[in-house]
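Report on the structure given below.
Every number here is computed from the coordinates shown, using simple stated rules; none is lab data. As the structure is a prediction and not an experimental result, all values here were calculated from the model. For neighbour counting, all protein chains shown are included, and Cβ atoms are generated from backbone atoms with ideal geometry for every residue, glycine included.
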């Protein structure tokens, strides 16, 4: 078993643990929160699957970027939020029901939207590319839906122990995640160096900033929900993005490195925003 395979397995396990921990404290009703509160749902959809893809495609057409970076931009734009964010979103002030509902709704939306979005982007760039809903769904089923539903189903079995078990599992998952991401960055460092240049850092930062701004304006009246959607729109699921990139544009071998670079940048850029929003009182924005 290669080091890359081990790191990817650690990544999957870490994500599953963190989502399972989150689901232990959630309610089944939270899954449909953005469908019941459909205006908030439409706002989340607009920020994640309209604003960010439009900005990404415009930047890819405007800048003379490495082809792998263009592929990464499109792949990231049509991926859902990463399952590593819910705990951070709650710390930033987002309500648990909104965060859980956003995770579930964005996952379902990505399965439907990504194939159409990829086909649309391919027509703009005059290339042949397509991906099936199942290709998008598989990594989401493994890393998002399965642990989320398992946590909701098994929560009653743990009773009052949930309050102690959930934080422990979340911390273990976080530790594994940090190790896996650091390992992947080290392993992909040569590829990351190859894609830096020609405005790559500027374009990735603009796309991330666009997601943060769109999330704030479309996140509804509650400051905490604005923060949650900002983080969701600015940071996407790297596993799904890599799956989209490798299956639609297999020749772009450096696309995964560009996606990892984007993940690192989004994490760095979101930290100050996360700290600022987490210090704000939970009340409706004026």
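Calculate how steeply helix 200-218 sits against the longest principal axis of the alpha-carbon atoms of the chain, using the helix alpha-carbon long axis, and give the answer as 0 to 90 degrees to the nearest 10. So the helix axis and the longest Cα principal axis differ by about 40 degrees.
If you plug the beta carbon distance of residue 276 and residue 178 into 1/(1 + (r/R0)^6) with R0 = 30 Å, you get a FRET efficiency near 0.85. The label point for residue 58 and the one for residue 160, both projected 7 Å from the Cα toward the Cβ, are 5.6 nm apart. Hull volume per residue, based on the alpha-carbon atoms of segment 104-172 and their convex hull, is 107 Å³.
Taking other C-beta atoms within 10 angstrom as a stand-in for reagent exposure, 148, 19 fall in the order 148, 19, fewest first.
The distance between label points at residue 196 and residue 126 comes to 3.4 nm (points 7 Å beyond Cα on the Cα→Cβ vector). The stretch between residue 247 and residue 206, if pulled fully straight at 0.36 nm per residue, gains 12.2 nm over its current Cα-Cα span. Note on residue 50 and residue 185: with the Förster distance fixed at 22 Å, the Cβ-Cβ geometry gives a FRET efficiency of about 0.10. As I understand it, the value is the acute angle between the Cα axis of helix 146-158 and the longest principal axis of the Cα atoms of the chain; what does it come to in degrees, rounded to 10? Long axis of 146-158 versus the principal axis of the chain: about 10 degrees. Treating r as the C-beta distance of residue 2 and residue 217 and R0 as 41 Å, the FRET efficiency rounds to 0.40. Protection proxy ranking for 133-141, 149-157, using the average of other Cβ atoms within 10 Å per residue and placing the highest first: 133-141, 149-157.
For the chain, the longest principal axis of the alpha carbon atoms and the long axis of helix 67-77 meet at an angle near 30°.
Here the sum of -39500 (n - 2.57) over DSSP H runs of 4 or more residues, divided by the residues of the chain, equals -24000 deg cm²/dmol at 222 nm, to the nearest 500. Taking only the Cα atoms of segment 1-69, the ratio Rg/Rh comes out at 1.16, with Rh defined as the Kirkwood radius.
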